[in-house]
Protein chains: 2
Amino acid sequence: MRRVAVIGVGHSRFGDRQDVNVKELAFESVKPALEDAGLTPKDIPYVTVGSIGVWYEEPLPAVAIAEYCGLTGAGLVRVEAACATGSAAVYSAYTAIASGAVDLALVVGVEKMREVDTSLAVELIGRAGSYLWEFEYFGMTFPSYYALYATAYMNRYGATEEDLALVAVKNHKYAALNPLAHLQKEISVEDVLSSYMISWPLKLYDCSPITDGSAALVLASEEKVRELRVDTPVWIAGVGYSSGSSTLSQRSDFLGLDAAVKASQMAYRIAGVRPDQIDSANVHDCFTIAELLAYEDLGFCRRGEGVKMIRDGETEIGGRIPVNVDGGLKAKGHPIGATGVSMIVEQTKQLREEVKPSARQAPMKNYIALTHNVGGTGHYCYVTVLKR
Amino acid sequence: MRRVAVIGVGHSRFGDRQDVNVKELAFESVKPALEDAGLTPKDIPYVTVGSIGVWYEEPLPAVAIAEYCGLTGAGLVRVEAACATGSAAVYSAYTAIASGAVDLALVVGVEKMREVDTSLAVELIGRAGSYLWEFEYFGMTFPSYYALYATAYMNRYGATEEDLALVAVKNHKYAALNPLAHLQKEISVEDVLSSYMISWPLKLYDCSPITDGSAALVLASEEKVRELRVDTPVWIAGVGYSSGSSTLSQRSDFLGLDAAVKASQMAYRIAGVRPDQIDSANVHDCFTIAELLAYEDLGFCRRGEGVKMIRDGETEIGGRIPVNVDGGLKAKGHPIGATGVSMIVEQTKQLREEVKPSARQAPMKNYIALTHNVGGTGHYCYVTVLKR
C-alpha cells in the first residue's frame, strides 16, 4: 500500500445551524481544509462525502455540495455506515490514494440533523439497527440499545450512574474550551443525575445531542506530500474495521462491542502499535456508557477497568491517555456523517501540537493518535491510527 | 495499482419483487456470486453495498443485508452516487483490493423501489439533481431533464421520435431473451409512439421502468486469482469517473454529458484501449435519448452519428458494437443501486462467452467490454473497462 497522509483539515462550528443549508455547511469545512493544504478545488480529483442524508432537502447531497464548493468534475461518491459514516468516507478516499488511482482526495462529512424534530431524529437513528424486528416490534430506540449495555456493565462491574456521569462531566469540561463545540458549558455530576430520564440508566446528559456540522480532510499520497513540501503530514498508519450483527439479540453479551475489538486489533496490527503507545484518542461516546466500553474494547485497560479509568482521571489531559478532549460526541456534538471526520481533524491537530487553548493539547510522546468511530450499536466500527 | 479481477457474479430476477424483502433480494445475487467464486461468506473481509435506500423499511440496509447473508464481521459500507451507485460501489471495493488492504471483496447492489408508489418514486428520483432550485421551483422531473437533451439533440441532428423508439425496440428485443429482465416482451416502434406522453418527446416506452432487483460481484487480487485457480478471471482494466454540475442551467449544451466524456477518456487512458476495440457494452439507457448520447460520449461514433448507429443496427448482435443486449435499463430494468453492478455481471458473462441464449452473446474479438453508468442527468458518471 502507498502511504497516505492528512495534509489539510477543516471544521465547521457544530450546533444548531439553521443559519445555513447543507451545501453552505459543507463549505465551512471544505474551504479551510483546502486552504490548510495550500490547494484549490480544481486540484482535487476525487471526493468522498460522508452523510446519512435522511434529514434534509437534498437527499443525494454529494453533487450539490460539489457544485457549491467548486469541485464539479471530480469523481464523487457518498458513503454511509450509520454513525461510522465519516470514518468510512475517509477509508474510501484513503484506499483510492493508497491504490495509486489518485494522489489527492477530499473527504467531507456533513449532517444537518436539526432539519427534523427531535422525535423524528430519534426514530431515524433508531432504525440504524434491526429496523423491522427490534425497533418496530420491541420498540427499541438507540438510547435503549445502549441502556442494555449500561445495565449489563453496571451489574457486572459495579459501575454506578455517577460513574457514567463522570464521562459527561469530563467531555463537557473540554467542550467548554472548544469554540466549535455544540454544548460549550461545564456541567456537574448532579446536573447529569437530575436531568430527565431517557432510558434507564441513561438520562438526557448521558446522551449526545442532535447536532448540525461538517468536517473535511485533504488526503495525499507520499509523492504528493513531498511535491507539495507539506510541513507536518499526519500519516494514516492503519485502519481497522468490522461489523456486528444487525439484531442485538444475536450478541453474546452486552459488556463490549465485538466489532470495536476486532477493528482495533486490525488497526493496531496494520499500524504496528500497541494501545499503551497512544498519546491521544477520540472515541465514540454517543452515550456515556459507550466511552467506558471503548476504553476496554480498544485495550486501553482490561475488562471492567474502564470505570476505574474515568474515576481516576486517566483519560483527561495529564492522564495516561487523554480521550475526547475536544468535547466528544457528548458535548462537541454528533452530526453523524461529520463525526468520524471531525475525530481525525481533532487528532491531526493534536499530532501537529496546534490545539488551542493549550489546556486541550494532549502531551505528545510517541506522536501516535487513534480514532474509534462506531455505527449503530456496534453494527459498524472503524478504528484509525494516525502517526506524525 | 494491484490488478483486480471479477471472479464471481450473481443476479436476481429483476421486476416487481413484492415477494421478498430487501435482505432476501440481496441474498438472491450474493449467494450465486459467492458460489460462482467458490467461496463462502466467511472468506469475505470487505463488503460494499450500493443502494439509494430511500424506498424501503431498512433505511441503512448494509448491516441488515450483511447479517442475512452471513457476512457479519466484514468491513461494511454503503455507497451512493445517484443512478451510478452500483459502479461507485464497485469502485470502492476495487480500490480497497488494488491498494493491498484486502484480497477479496464483495459488492452487492440492491434497490427495492416498488415499495413506494410511482409518483413518489418519480419525485425521489427527480431530487437527484438540483433539488431546491430546478426540481422544486421549476418543476423539473427526471424525464423532463432528459427531454431537454432529447429536444436539443433532435433539433441539432435531425433525429426523430421514431429514432428514439428504435432504442426501446432493440432493448426490448433482447430483454425478451433474458429470463432475469423486468419487461420480457418485444415491442414495436408504433407501441412506443402510441404510449402515453411523459415529457415530450419522451413517452412511457422511452423511459426505464421502476424495478426491484439486486446484482453482486466478487472481486479478487491477482494473487488471490492465482491461489484460487480461477478459470476465467475478468480483469478491471480501468475505471474512469467524473461529475457534472448539480444545476442543469450551468451546462454548456444539452447535446452530450460532459461527465461521461471525461469518465470514458479516463477509463480508456488507464485501460490502454480505444473505443473501436470494445466488443460489447452496457450503457446507461435510463431514457432512449440517453443511449444515443452514450454512443457519442463514449466515442463509439462522432457527434450526431448516434442516431445513425441505431438506425443501421450497429449496436445489435452482429453490428459493430453490441450495446445493452441484456435489455438495458429500458427493459431489463433499473433498480438504481443494482444497475451498475448488473452491467458488470452482464459484461463478465459476455467476456466469459457464457451468455444464454447464444442470440444474446456478443462475438468476442479483443475480449474487451465496457460499462457506462450515469448518475442523475450526467451528475455522476463511472465508466469501467473490463478485459478477459
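The values are calculated or read from the model by the stated rules, or taken from the named source; none is laboratory data. Treat the numbers as computed from the prediction; the structure is a model and nothing was measured. Here the Cβ is made from the backbone with ideal geometry for all residues, glycine too, and neighbour counts use every protein chain on show.
Structure summary
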item	result
Conditions (1) farther than 27 Å from residue A:233 by Cα; (2) more than 9 Å from every other protein chain (Cβ to nearest Cβ); (3) among the β-branched types (Val, Ile, Thr); (4) surrounded by 21 or more Cβ atoms within 10 Å (Cβ to Cβ); number of the one not met by residue A:20	(4)
Conditions (1) facing another protein chain (nearest Cβ under 10 Å); (2) at pLDDT below 95: number failed by residue B:55	(1)
One residue from A:152, A:121 being within 26 Å of residue A:213 (Cβ to Cβ) and not β-branched (Val, Ile, Thr)	A:121
Test for residue A:47: is it of a type in the set (A, V, I, L, M) and assigned to a strand (DSSP E or B)	yes
Residues of region B:353-388 satisfying the condition of being more than 17 Å from the chain's Cα centre (by Cα) and either among the small types (Gly, Ala, Ser) or within 14 Å of residue B:244 (Cβ to Cβ) (or both)	B:358, B:359, B:362
Search result, residues across region A:243-278 that are outside any helix (DSSP H, G or I), within 14 Å of chain B (Cβ to nearest Cβ) and touching a Ser or Thr at 6+ places or on another chain (Cβ under 9 Å)	A:243, A:244, A:245, A:246, A:247, A:251, A:257
Residue identified as of a type in the set (Ser, Thr, Tyr), more than 23 Å from residue B:34 (Cα to Cα) and in contact with a Phe, Trp or Tyr (Cβ under 7 Å, 6 or more places away or on another chain) among B:382, B:367, B:295	B:382
Which listed residue is modelled with pLDDT under 95, of a type in the set (S, T, N, Q) and at negative phi, from B:232, B:247, B:288	B:247
Residues within region B:58-70 that are at the interface with chain A (Cβ under 8 Å from one of its Cβ atoms) and not in a helix (DSSP H, G or I), tallied	3
Index of the failed condition, residue A:330 passing every other in (1) within 20 Å of the chain's Cα centre (by Cα); (2) among the basic types (Lys, Arg); (3) closer than 22 Å to residue A:236 by Cβ	(3)
Region B:265-288 - residue that is in contact with a Pro (Cβ under 8 Å, 6 or more places away or on another chain) and crowded, with 24+ Cβ neighbours inside 10 Å and, of those, farthest from residue B:375 (Cα to Cα)	B:280
Qualifying residue in region B:229-237 (condition: in contact (Cβ under 8 Å) with a residue 24 or more places away in the chain and part of a helix (DSSP H, G or I))	no
Conditions (1) under 17 Å from residue A:379 (Cα atoms); (2) crowded, with 18+ Cβ neighbours inside 10 Å: number failed by residue A:249	(2)
Check on residue A:93, at the interface with chain B (Cβ under 8 Å from one of its Cβ atoms) and of a type in the set (A, V, I, L, M)	no
Subset of region B:324-350 (residues that are hydrophobic (A, V, I, L, M, F, W, C) and over 17 Å from residue B:184 (Cα atoms))	B:336, B:338, B:341, B:343, B:344, B:345
Selected residue (criterion: farthest from residue B:69 (Cα to Cα)) from residues of region B:217-242 that are within 12 Å of chain A (Cβ to nearest Cβ) and among the β-branched types (Val, Ile, Thr)	B:239
Any hit, region B:124-140, residues being touching a Ser or Thr at 6+ places or on another chain (Cβ under 6 Å), within 14 Å of another protein chain (Cβ to nearest Cβ) and under 20 Å from residue B:195 (Cα atoms)	no
Matching residues in region B:367-388 - criterion: being in a strand (DSSP E or B) and within 13 Å of chain A (Cβ to nearest Cβ)	B:373, B:374, B:375, B:380, B:381, B:382, B:383, B:384
Qualifying residue in region A:244-252 (condition: under 25 Å from residue A:91 (Cα atoms) and in contact with a strand residue (DSSP E or B) (Cβ under 8 Å, 6 or more places away or on another chain))	yes
Any chance residue A:68 is of a type in the set (Phe, Trp, Tyr) and modelled with pLDDT under 95	no
Number of the condition not met by residue A:36 [criteria: (1) surrounded by fewer than 23 Cβ atoms within 10 Å (Cβ to Cβ); (2) part of a helix (DSSP H, G or I); (3) within 8 Å of chain B (Cβ to nearest Cβ)]	(3)
Selected residue [surrounded by 17 or more Cβ atoms within 10 Å (Cβ to Cβ) and free of Cβ contacts under 8 Å to residues at least 60 places away in the same chain] from A:199, A:208	A:199
Residues being part of a helix (DSSP H, G or I) and surrounded by 24 or more Cβ atoms within 10 Å (Cβ to Cβ) - total across region A:289-336	16
Test: residue A:80 is within 14 Å of residue B:59 (Cβ to Cβ) and out of contact with any helix residue (DSSP H, G or I) (no Cβ under 8 Å at 6 or more places or on another chain)	no
Residue, surrounded by the fewest Cβ atoms within 10 Å (Cβ to Cβ), within region B:337-352, restricted to residues that are among the hydrophobic types (A, V, I, L, M, F, W, C) and under 30 Å from residue B:245 (Cβ atoms)	B:344
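Yes/no per residue for (1) among the hydrophobic types (A, V, I, L, M, F, W, C); (2) in contact (Cβ under 8 Å) with a residue 60 or more places away in the chain; (3) within 10 Å of chain B (Cβ to nearest Cβ); (4) under 27 Å from residue A:17 (Cα atoms):
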{"site": "A:75", "(1), (2), (3), (4)": "no, no, yes, no"}
{"site": "A:78", "(1), (2), (3), (4)": "no, no, yes, yes"}
{"site": "A:89", "(1), (2), (3), (4)": "yes, yes, yes, yes"}
{"site": "A:107", "(1), (2), (3), (4)": "yes, yes, no, yes"}
{"site": "A:117", "(1), (2), (3), (4)": "no, no, no, yes"}
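So that you can scan it fast, the table gives a plain yes or no per residue for (1) more than 13 Å from residue A:322 (Cβ to Cβ); (2) at pLDDT below 95:
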{"position": "A:347", "(1), (2)": "no, no"}
{"position": "A:350", "(1), (2)": "no, no"}
{"position": "A:354", "(1), (2)": "yes, no"}
{"position": "A:361", "(1), (2)": "no, no"}
{"position": "A:365", "(1), (2)": "no, no"}
{"position": "A:369", "(1), (2)": "no, no"}
{"position": "A:373", "(1), (2)": "yes, no"}
{"position": "A:376", "(1), (2)": "yes, yes"}
{"position": "A:383", "(1), (2)": "yes, no"}
